[in-house]
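This report concerns only the one structure given below.
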Amino acid sequence: MVLVEVTFLALHVSVDVHRTGKSKNSPSRTYLNRPKNVKFSLDSRLPHPDRNRPTSKGNFAKQSVSVESVNKDILTISDSSNRKENNSLTSINRSRYVERGEYNSSQEIIQTEFNTTETLSANYLTCKEINDIEITDVLGRGTTKEAFLGTLNGSDVCVKMVTSLVSDVRTCMRRPGVSPSQCSMLANYKLLKEISLIIQLHHHSIVKMLGFCIRGEATTKNVSDHGVVMVTELGLRVTPYRLREMLWPSRLQVAVDIINLLDYLHRSPLGSLRMSDFKQSQFIFVNGRIKLSDLDDITSDERGCQRDRDCYILDESANIPCKNGVCSGINSKSNLLLATVELLQPLLTESPQFLNQVTAKLLQDLSYKRLSTNQAKNRIENVVELWLEKSDTPLT
């Protein structure tokens, strides 16, 4: 499986931008640094950069991203608060590299270089085009990033950036002697991971990325000079009220979309993936169809364990064994159980009378963890067939 290789230095990502900087012994110059790539796991460890950083000049081509499947190891990112200081991504280590002369500036950011052999057909927005987005409102703020309503060429888009107001950065800033730019590093790291995942995971129930720009670690208020920016299609946040107000055919269609997404995550090109933070707020509606919009907490790691009890989900047994120190098969079962609680129960509870018995038994089996993802998919497809046999109203 081909790795996406990430380099923690200022290098080009085939975008039409560049950074300038001054070293201690040289005048200002443009950097196109291409050190040896560092393969690593996204688990909050900071790989040691290449000490011999060759510098060359070059032109930046228009953004065009090509990627293949990522190795499982690149997908795992853990809560940094549980990591020891020497494994943190708070950028404190980066300042030490600057002191040793291994970096020219603490502002030189993680940059991502995608080594690929197969070009995607997606025509992503370039940094220059993203600069023209006008931010008009705040859509929401999470642990890692803030989402903004933007307008580009008359169309509304969603702009995602790390800001000083997100909880990851604010928590880090409580530490003595750290700067906002240092604290934004882990959050930017998660956003880079999300960009990488969206490029490689192709499913109609995953939000469409319109473009991205990677040019620094700055967390400014302006799109034109912000360090890491991702632009996606705009949607309506999934809420309990919106789920309740949907007509039955629409709710059944959403249930179908959800179970198909879970099946895809279980069989993805990157292996079985788990949503560590499975909530309604991670999803949006786009033209009436549900889509996963927040991917930064997706992991391919199965939970570590010492005994079967360590493999419980929501403090209850899910019949998952602890094998060789890992909860074997927990990713798929965790997704299914949490999807049941957050989405499938609200969607399927109030079904038409002739489906009550079928949907009640389905939800009961899901709640008692009796079904695999594939079995749940077959059962929901059966509900669809029963609906279409007795109704003239198709799914929407």
Set LYS145/LYS361; LYS145/LYS208; LYS190/LYS377; LYS145/LYS369; LYS291/LYS361 screened for pairs whose C-alpha atoms are more than 28 Å apart: LYS145/LYS361; LYS190/LYS377; LYS145/LYS369
Residue-ordered couplings for segment 156-164, obtained by feeding phi - 60° into the Karplus form 6.51 cos²θ - 1.76 cosθ + 1.60 and rounding to whole Hz (Gly and Pro as x), are 7, 9, 9, 10, 10, 8, 7, 10, 6
When a/c is below 1.5 the answer is rounded, else prolate if a/b is larger than b/c, else oblate, so apply that to segment 146-262 with a ≥ b ≥ c taken from the square roots of the Cα gyration tensor eigenvalues. prolate
When you take every Cα atom in segment 237-390, what is the radius of gyration, and what is Dmax, the widest Cα pair distance, in Å? 15.7, 51
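Just so you know, all these numbers are worked out from the coordinates, no wet-lab data involved. All figures in this text were calculated on a predicted structure; none of them were measured in a lab.
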